Amino acid sequence: MIAQWDGPVLLVGHSYGGAVITEAGDRPNVVGLVYIAAFAPDAGESPGGITGKNPPVAAPNLAPGSDGYLWIKKELFQESFCQDLTADEALVMAVTQKAPLASTFGDPAPAWKKKPSWYQISSEDRMIAPASQVWMSGRLDAKKVIKLNASHASLASRPAEIAALIDEAAAIGKTQAAALKA
């Protein structure tokens, strides 16, 4: 999809999606990366390795499926993923969760070493340890890091702050893309 777009692209990744944008962000038209309570692995690192060094509170609530996916146990979903949302919102997320393949936790090529980055830390995250988020965001040389008193589902519980961070990144990316064309 990135290659199909004729113009600048800003990638936003949440959770294991951070590992995806870390690798996909090396495309020439990518102008920046925004990590929302996400993994930002370096070369030789994987989300699984990062998690193993600093296990999050909800790590025991993950269950591998017979299909190779990692699932959050439905009955523990709200307390694991989105404790700052209502029970109804958590139920919708639990039954529609997109589980990552365990193999997703492989070795990326870190685009954040070359591209501008932004990071949002969730201080009450139970899926990616907040200490790991602080550590990963610190090495990005990020344009901006914000810390929100939020669960892993900060996109749902703090949408205004997340949208403002993405808008700021998009404005800077647009300016940089225009400068490159000049």
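Here are some notes:
- Inter-site label distance for ALA43 and ALA3 at 7 Å from Cα along Cβ, in nm: 2.2 nm
- Within the chain, percent of DSSP bridges classed antiparallel, to nearest 5: 20 percent
- Placing a pseudo-label 7 Å from each Cα along the Cα-to-Cβ vector at LYS144 and VAL95 gives an inter-label distance of 3.7 nm.
- Between GLY65, GLY49, GLY18, the residue with the greatest mean-square fluctuation in the GNM of the chain (Cα pairs under 10 Å linked by springs) is GLY65.
- Taking other C-beta atoms within 10 angstrom as a stand-in for reagent exposure, SER117, SER15 fall in the order SER15, SER117, fewest first.
- For PHE81, net neighbour charge (Lys/Arg +1, Asp/Glu -1) across residues whose Cβ lies under 14 Å away: -2
- Result for the chain in a Gaussian network model with C-alpha springs under 10 Å: among LEU85, LEU11, LEU33, the largest mean-square fluctuation is at LEU85.
- Every Cα-Cα pair in the stretch 17-175 was counted, and those over 27 Å apart are 22% of them.
- Local electrostatic count at SER151 - Lys and Arg +1, Asp and Glu -1, tallied over other residues with Cβ under 12 Å: -3
- If you count Lys pairs in the chain whose Cα atoms are under 23 Å apart, skipping same-chain pairs closer than 8 places in sequence, the total is 22.
- Residue exposure sequence - THR51, THR175, THR96 - by fewest surrounding Cβ within 10 Å: THR96, THR175, THR51
- Surrounding net charge for ASN54, when Lys and Arg each add one and Asp and Glu each subtract one, Cβ distance under 14 Å: 0
Computed from the coordinates by the stated procedures, all read-outs in this text should not be read as laboratory data. This structure is a prediction, so every number in the text was calculated from the model and none was measured. Quick reminder, even Gly has a Cβ in these numbers, built from the backbone with ideal geometry, and neighbours come from all protein chains shown.
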